[in-house]
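Written below as structure tokens is the structure these notes are about.
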Amino acid sequence: MAPKSIFSNLVREDDGSWSTTYAPYSLKSALQPIFRRLSDGRFDIDSFEGLVRPYQGTELVSPAQLFAQVRPDDIEAIDSILRTIHILNTGALERSRARIFVNFHPGLFRTPAKMRQEVERMRLSAHEAGMSPDRIVCEIAEKNASDTRLVADFAGHMRAMGFRVAIADYGAGDSDIERVKLIKPDYVKFEAAWARHFIKNSAGAALIRVIVEQFAREGIEPVFEALEDEREIELCLDLGVALMQGYALAKPELAPTSFNERFPELLGTPRSSLFRTLPDGQTHSTPALEPRGLKPVRTFGKRGI
């Protein structure tokens, strides 16, 4: 797959979803909601995370199997085309405010020309999807100290272009608060196993609370993911975390998804900051999403690209 053919393999399916192909694989887009807990206690879909689902014929295979067969010369194109289908499929939901988190590997685009080309591809995808650039969140892993300057430069550039930035897997590797503050992301996604280990006891929960509060003071929103049961949701609420993702709330679904029917958009609800209170007297006709009683549903894999 040559970079110049980045859009030539796009396929519009009969159900309206977008997919692409690579070698023997059909690459489909699964979306998983990230919910925001509003100050009135209700949950609204704030964003989606885009996850690849590769098929060989009718058989679903693991993303690892796909990426193991991607030729080095094709990695940039695959990285780009997967963002494209996630953005297009999110736009097709026609939700007026929802963002899409898409994985991005800044080290793949090492020259200014390549970075400009990729930014233009993302802007074109957003335009075709009817989404403004600030509804696209570039999710990047920052696990090594040696990556910090590269990631910080990338984050600054993407914000200047109107996109948003998220740091993934905080707590894994040698992450620390000062490096995150240097990068200045819009969001930090906490590594699930690390966070789960700390919130098991009061001392660990107190540490997580301090980190959450420090991020909030810097204008960085924490996202807790891979929540598997109601207790973990309640712990997040107690910690003051507003953005949550996991099977306890909703599992990923292949585009075009049933989310519009199951979780109608709370129209008229402003995007609140982490601890912002909604205006007095504001009402909504849409019923709330209640986490109580929802059971974790496991699905194939957790993360794609």
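The values are calculated or read from the model by the stated rules, or taken from the named source; none is laboratory data. Everything numeric in this text was worked out from a predicted model, so none of it was measured. Positions of Cβ are generated from backbone atoms using ideal geometry, with glycine treated the same way; all protein chains shown enter the neighbour counts. In case anyone asks, the SASA skips ligands and DNA or RNA and just uses the protein heavy atoms, side chains included. Shrake-Rupley method; radii C 1.70, N 1.55, O 1.52, S 1.80 Å.
The numbered conditions (1) open to solvent by 50 Å² or more (accessible area, probe 1.4 Å); (2) modelled with pLDDT of 90 or more are all true for Y247 except (1).
The numbered conditions (1) outside any loop (DSSP other than H, G, I, E, B); (2) open to solvent by 50 Å² or more (accessible area, probe 1.4 Å) are all true for I233 except (2).
Every listed requirement among (1) touching a residue at least 24 places away in the same chain (Cβ under 8 Å); (2) open to solvent by 10 Å² or more (accessible area, probe 1.4 Å) is met by A98 save one, (2). Look at (1) modelled with pLDDT under 95; (2) open to solvent by less than 70 Å² (accessible area, probe 1.4 Å) and you find that R83 fails only one, number (1). Restricting attention to the range 189-227, the residues that are over 26 Å from R159 (Cα atoms) and touching a Pro at 6+ places or on another chain (Cβ under 7 Å) add up to 0. Scanning the range 203-236 for residues that are in contact with a helix residue (DSSP H, G or I) (Cβ under 8 Å, 6 or more places away or on another chain) and β-branched (V, I, T), we see that the one that is nearest to K181 (Cα to Cα) is I220.
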